[in-house]
Amino acid sequence: MKLHIAVLAGDGIGPEISVQGVEAMKAIAERFGHDITFTSALCGAAAIDAVGDPFPEETFNICREADAVLFSSVGDPKFDNNPNAKVRPEQGLLAMRKKLGLFANIRPVTTFDCLVHKSPLKDELVKGADFICIRELTGGMYFGEKKEGDDYAYDTNAYTRQEVERILEVAYEYAGRRRKHVTVVDKANVLASSRLWRKVAKEVAAKHPDIETDFMYVDNAAMRMIQEPRYFDVMVTENTFGDILTDEGSCITGSMGLLPSASTGESTPVFEPIHGSWPQAKGLNIANPLAQILSAAMLFEYFGLTAEGALIREAVDASLAQNVRTPEIQVEGGAKYGTKEVGAWIADYIRKH
Ligand code: IPM
Ligand code: MN
C-alpha cells in the first residue's frame with residue numbers, strides 16, 4: 001500500500017518518541033513491501049516559536065493532504081503559568097481536531113499482564129481489564145462559546161443532536177466487534193446537555209438491540225473504573241468527561257506511556273499517544289515510546305492492515321516480556337534501556353519476524 005504520513009512531533013518528549021514511531025513504521029514498510037513517505041510539520045510551542053501560530057496553515061495543508069497524521073505531544077511549561085499568554089501550544093491541538101473534523105477519539109485502555117503490578121490498583125482488579133473510551137472530540141466546553149473577563153468567566157457545554165448521534169454510532173460500531181456492551185457516561189441528573197445525550201442515546205440504543213446499553217453518571221463512572229475496571233467494554237462520553245476519564249484509565253494500566261489513541265472524523269485521521277509532552281523528561285532518553293509505537297499499530301489497523309498492526313503489537317509484547325523496558329516500568333535490577341534503545345529493539349524485531 002502507498003501511504004503518505006504527516007509527522008507532527010511537537011514539544012517536550014514529542015520529537016524523541018516520534019522518531020521511534022516512524023522507525024517502527026519504516027520497519028513495517030520494509031517487512032511488508034509498503035511504500036510509506038513521511039512529511040514533518042510544525043505544531044505546538046515549536047510552531048509558536050517558529051511562526052507565532054501553534055497550528056500553522058502550512059501544517060494544516062500537510063495534514064489535509066496526507067493519508068494519516070502521526071502526532072506526538074504539545075505543551076511547554078513556559079506557557080502554563082502565564083495567564084497573559086495570547087497563544088498556547090494546546091490551541092494547536094484543538095485547532096487540528098476542529099479543522100480536520102476529528103469528532104471521534106478512540107482511547108483503548110488495555111492492560112498488560114506483566115505490568116499489572118505497576119498499577120496503583122490491586123492486581124486482581126486490573127488483570128484482564130480491557131475497554132475502549134470513545135470520547136467526543138470537537139464539541140462541548142472545549143469549543144462552546146466562552147468569555148474570559150477579570151471578574152467573570154464562563155464556558156458553554158453545547159451539543160447538537162447530530163453531534164451526539166454520530167459519536168454514539170461510532171461506539172456501537174466498536175461494541176459490535178467487541179463484547180457488545182456500551183456504557184453511556186453523562187451527568188443527566190444535573191446538565192441539560194447530558195439530558196440531550198441520554199435522550200439521543202436511548203433512540204440510538206433502540207436501533208442496536210443486539211448490544212447491551214447502560215447509562216452511568218460521570219461521577220459514578222469515575223468510581224466504577226477503579227472499583228471494577230473489567231465492567232466496561234465500550235464507554236462513550238462527551239469531550240470534557242472523556243478527557244478526565246481517560247487519564248484515570250491510563251493510570252489503571254500502570255504507566256501513561258503505554259496508551260495510544262486514534263482520532264477520526266471527516267478528514268485525515270490522527271494517531272497519537274494519550275500522554276502529554278512531559279517537558280521535564282525532554283532530551284533525557286527516558287520517555288516510553290510504546291504509546292507512540294502502538295499509535296502506529298492503530299494507524300495500520302485503520303487502513304485494514306491488520307497483520308502489520310498485529311506484528312507491532314507482538315513486538316511490543318516481546319519487548320516487555322524480555323524486559324526491554326524504559327525505566328518507569330523496568331523490573332528491579334533490569335538492564336537500562338532508554339527511548340532509543342526500546343524503539344530500536346522493536347524495529348529490529350519487526351524486521352526479523
Ligand atoms: C488530551 C489532552 C488535551 C485535551 C490537551 C493537551 C488540550 O489533555 O488529548 O487528552 O485536553 O484534550
Ligand atoms: Mn487529556
Exercise. Report, ordered by the first and then the second residue, all pairs with beta carbons closer than 9 Å, sequence separation of six or more or different chains, a first member in region 56-75 that is without any contact (Cβ under 8 Å) to a residue 60 or more places away in the chain, and a second member that is more than 16 Å from ligand 2 (Cβ to nearest atom) and among the hydroxyl-bearing types (Ser, Thr, Tyr).
Key: ILE62/THR39; ILE62/SER40
Quiz prompt | region 1-46, residues that are open to solvent by 40 Å² or more (accessible area, probe 1.4 Å) and of a type in the set (Ser, Thr, Tyr) | solution = THR37, THR39, SER40
Quiz item: With respect to the numbered conditions (1) surrounded by fewer than 17 Cβ atoms within 10 Å (Cβ to Cβ); (2) within 16 Å of ligand 2 (Cβ to nearest atom), which one is the sole condition not fulfilled by PHE71?
Solution: (1)
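Yes/no per residue for (1) assigned to a loop (DSSP other than H, G, I, E, B); (2) among the polar types (S, T, N, Q); (3) away from ligand 1 (no atom under 16 Å from the Cβ):
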position	(1), (2), (3)
CYS133	no, no, no
MET141	no, no, no
GLY144	yes, no, no
ASP151	yes, no, yes
ALA158	yes, no, yes
GLN162	no, yes, yes
GLU169	no, no, yes
Quiz item: How many of the residues making up region 263-282 are farther than 12 Å from LEU299 by Cα, in contact with a strand residue (DSSP E or B) (Cβ under 8 Å, 6 or more places away or on another chain) and of a type in the set (S, T, N, Q)?
Solution: 1
Quiz prompt | Of all residues making up region 223-249, the number that are crowded, with 21+ Cβ neighbours inside 10 Å, within 16 Å of ligand 2 (Cβ to nearest atom) and more than 16 Å from ASP186 (Cα to Cα) | solution = 1
Practice problem: Within region 265-281, count every residue that is within 16 Å of ligand 1 (Cβ to nearest atom) and closer than 22 Å to ALA344 by Cβ. | Solution: 5
Self-check item: Cβ pairs under 7 Å, 6+ apart, first in region 200-217 and among the charged types (D, E, K, R), second part of a loop (DSSP other than H, G, I, E, B)
Solution: ASP210/LYS180; GLU212/LYS180
Exercise. May I ask you to list the residues in region 332-350 that are under 19 Å from ALA296 (Cβ atoms), without any contact (Cβ under 8 Å) to a residue 60 or more places away in the chain and among the acidic types (Asp, Glu)?
Key: GLU341
Quiz item: Is there a residue in region 319-342 that is basic (Lys, Arg) and surrounded by 19 or more Cβ atoms within 10 Å (Cβ to Cβ)?
Solution: yes
Quiz prompt | Residue selected from region 274-294 under the condition touching a Ser or Thr at 6+ places or on another chain (Cβ under 7 Å) and at pLDDT 95 or above, by the criterion nearest to ligand 2 (Cβ to nearest atom) | solution = SER277
Quiz item: How many of the residues making up region 189-222 are closer than 26 Å to CYS251 by Cβ, surrounded by 20 or more Cβ atoms within 10 Å (Cβ to Cβ) and of a type in the set (Gly, Ala, Ser)?
Solution: 2
Quiz item: Here are some conditions: (1) over 26 Å from GLU30 (Cα atoms); (2) within 15 Å of ligand 1 (Cβ to nearest atom); (3) touching a strand residue (DSSP E or B) at 6+ places or on another chain (Cβ under 9 Å). ILE252 meets all but one. Which one does it not meet?
Solution: (2)
Quiz item: In region 171-182, what count of residues is obtained for those that are in contact (Cβ under 8 Å) with a residue 24 or more places away in the chain, assigned to a helix (DSSP H, G or I) and over 15 Å from LYS202 (Cβ atoms)?
Solution: 3
Exercise. Name every residue in region 58-77 that is within 15 Å of ligand 1 (Cβ to nearest atom) and assigned to a helix (DSSP H, G or I), in order of residue number.
Key: PRO77
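The values are calculated or read from the model by the stated rules, or taken from the named source; none is laboratory data. Everything numeric here is computed off the predicted structure, so don't read it as measured data. Neighbour counts run over all protein chains shown; Cβ positions are idealised from the backbone, glycine included. Please note that ligands, DNA and RNA were not included when accessible areas were found on the heavy atoms of the full protein model with its side chains. Shrake-Rupley method; radii C 1.70, N 1.55, O 1.52, S 1.80 Å.
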